[in-house]
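Below is one structure, written out as structure tokens; comments come after it.
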Amino acid sequence: MELRGVIVLVCVLCLAHSTLQQDTSKKKNGKKVCLKGFKVPGKCFLSDPVKKSFHAASDDCIAKGGTLSTPLNGDENDHLYDYVRQTIGPQEHIWLGINDMLKEGDWVDKTGTSVRFKNWETDVTHQPDGGRSQNCAILSNPANGKWFDESCRAEKASVCEFMIV
Ligand SMILES: [Ca+2]
């Protein structure tokens, strides 16, 4: 009985250790791979289906050693859209790591740099259309990965990204 208790304890410790491990990438045969999530060149995406405000989602990504996903080109946007469809759902929206809180209409990333790549929905509606009341942005899966501005207090799923360059 005692031995069994020790084995159970060791297993619990193992589980706790692997859960606490925040590394999302490692080198395998000289190539960086993602231990969790999905790899695109230079980064890993990891989804979090729990709906929360922009700030809560952003803080949670930082606590994991990453940042909210911010696609830099159409390819990355397509991969992110695909990944969200598979891991969170085809009707879901996720926060992006950009905002225009400081200066209306100037969408910046986490470093405060104006983003070059944007993918606003402009065919049906004319995003971004929320003015000062919508200073955060979401990627919409029902709209095929197009972006919409949104109130930062809304609660959405999210995807963290981890740089692996
Ligand atoms: Ca705005």
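The values are calculated or read from the model by the stated rules, or taken from the named source; none is laboratory data. Given the structure is predicted, the values throughout are model-derived calculations rather than measurements. Counting neighbours? That spans all protein chains shown, and the Cβs are built from the backbone with ideal geometry, glycine included.
At a glance:
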read-out	value
Residue match in the stretch 111-134 (condition: in contact with a strand residue (DSSP E or B) (Cβ under 9 Å, 6 or more places away or on another chain), farther than 14 Å from residue 58 by Cα and basic (Lys, Arg))	yes
Qualifying strands (runs of 3 or more DSSP E) (wholly inside the stretch 1-70; at least 2 residues being at pLDDT below 80 and out of contact with any helix residue (DSSP H, G or I) (no Cβ under 9 Å at 6 or more places or on another chain))	25-28, 31-34
Filter result (more than 10 Å from the ligand (Cβ to nearest atom) and either surrounded by fewer than 11 Cβ atoms within 10 Å (Cβ to Cβ) or in contact (Cβ under 8 Å) with a residue 40 or more places away in the chain (or both)) within the stretch 103-130	110, 111, 112, 113, 115, 116, 117, 119, 123, 124, 126
Number of positions in the stretch 131-157 that are within 15 Å of residue 68 (Cα to Cα), aliphatic (A, V, I, L, M) and more than 10 Å from the ligand (Cβ to nearest atom)	3
Qualifying residue in the stretch 88-100 (condition: over 17 Å from residue 161 (Cβ atoms) and within 16 Å of the ligand (Cβ to nearest atom))	yes
Of residues in the stretch 131-143 being within 24 Å of residue 50 (Cβ to Cβ) and over 16 Å from the mean Cα position of the chain (by Cα), the one surrounded by the fewest Cβ atoms within 10 Å (Cβ to Cβ)	142
